[in-house]
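Presented below is the structure to which this report refers.
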Amino acid sequence: MQRNPFMHALLLAILICSCQKEQSDSIDTSIEQEEKIVLTPYGNLPASRVIALDYKTTVKIRNGRIFKIDIATDKVIADLGKTSFPSKDPYTFGRSAAKTGASSPGFTATAYASDIQAFSTKWVVPGVPPNPYSTATTFLWNGIDRGTLQPVLMWGGTAGGAFYAIANWCYLDGVYLHGKYVSVLPGTVLEGVVSFVSHDESGWTYKESFTGYPEADIYVTRPEEALNVIECWEPYTSNFTEWPNVLKSRMYDIKLTTRSGTPPPATFNWQVSGPDIITISGKNTVIVNNSTQHGIIDFYMNGNIAPAAIKSGNVYMIVTAVNNSSILDTPGNSTIDGTQVILYERNVPVSANQKWRISRVDGDYFKIQPTHSPDKALTVKGGVSAARTAVTVEHYTGNIAQQWKFVPDNQGYYYLVPACAPAYALDVYNNETTNGKPMTISWYNGSVAQKFRMVLQASAIQPPNNNPLFPTPAGFYE
């Protein structure tokens, strides 16, 4: 087991805050005071609201107060104060709705469920990020009640460093609780389980666990029944070098059982949501099988770090690496020569002015043409070799201001270098990705502002060649 400096610091903060709480009537609903903030599966939270449990302790609400309880003796270990308002939404605390940094978790699939006896999901711990030293935090988990109960796989700062760890997390009326952190390795098969234990006058008791890791178990007694189920991929970075280096993570053997013994409905009615981050596949959350007994959901990630070869004639979205969501766009579907190309959020469905046909011109150089106006091409205005020269669409003539070289960075992106200015590259000036940001070229510097991902939209159709005297050259359409 690796030593976890984050946990030591967190426990110290909890100890200090616990001493303060013994003299307080309630959990403060304001965080105006200076306080350490920690990143959790619920967003950024004051450390005083994050409480460590283990398999020997639980929490219960009694007479409007939250207590940490010894399971064996039912004795109070700590008084955590009064419940807070609002108590039902784990992504708000007190009256500070935006303070957690998220009004909902990342890429999610949610479905209605009731009478829950157990909800379980299996998945494989994915490979480490392309940047193996990254401590950017990511979470992958299943849960119930919008994630108020969730077994979580963690990478990065919250896990304690550049490695994976599991922990069971829950939210209870203003406080956030987690069980013991246990390190796990890529390739390990995990099964996260949330199960009903009992219901009496004290409330509804649930157990959270990872199969085979009993030391990580936690028990929580809450005032109401937990309804609905959720699967979630929750990255706190849009930099793909800090995501797991897999095409997708598959959540499988998704299973629901009921307390009554009556079989649940055969299928879930999953609702999918999430940020508009464009992965290498162009996919995010895919429901493969909506069965309540052997369900499958795929969360798409960054894929292989090596970029796919640009194939002549194919149509692509051109996505900036700055946020992995803004794409090259010809504003207003303009067909006027000299229109400056901009960055813009992806339309749904992707419109023709946001798709580009890339075709080989000569050697390593390609022309890049907007599909809404195929006689135009991406052009360095005036063929000028100078920083902040505008990039426009103009009638294609084949001049070197309209020829671009795709230089791979070995992390899934390309630099787009114009033939007229080989020391320059297409650039997102100042890393600004607001809608309508004009595109320019700048001196090549290898920064993220000059990296772009090509996301395939349509493949070229090779025309038939029935003339044996003039065969199509090998690689002509590659």
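Every number here is computed from the coordinates shown, using simple stated rules; none is lab data. Bear in mind that the values here come from a model prediction, so they are computed numbers and not experimental data. Virtual Cβ from ideal backbone geometry, glycine too; neighbours counted across all protein chains shown.
The Kirkwood hydrodynamic radius of region 269-332, based on inverse pair distances between different Cα atoms, is 14.3 Å.
Taking a ≥ b ≥ c as the square roots of the Cα gyration tensor eigenvalues, region 314-458 comes out rounded, since a/c falls below 1.5.
Could you calculate the contour length gain from Asn410 to Asp276, that is, 0.36 nm times the residue separation minus the distance between their Cα atoms, to one decimal place in nm?
Difference between extended and current length: 45.9 nm.
Once you list every other residue whose beta carbon is under 12 Å from the beta carbon of Tyr429, what net charge do they have if Lys and Arg are +1 and Asp and Glu are -1?
Its environment carries a net charge of 0.
Backbone geometry of region 249-258 corresponds, through the Karplus equation with coefficients 6.51, -1.76 and 1.60 at θ = phi - 60°, to 3J(HN,Hα) couplings of 10, 9, 8, 10, 6, 5, 9, 10, 10, 10 Hz, x marking Gly and Pro.
Taken along the Cα-to-beta-carbon direction at a fixed 7 Å, the label points for Trp443 and Lys36 span 4.3 nm.
The slack between Thr267 and Thr237, meaning 0.36 nm per residue of separation minus the straight C-alpha distance, is 7.5 nm. Summarising the label geometry, the points placed 7 Å from Cα in the beta-carbon direction at Tyr112 and Asp337 lie 6.0 nm from one another. Available extension along the chain between Asn290 and Ile400 is 34.4 nm, counting 0.36 nm per residue and deducting the alpha carbon span.
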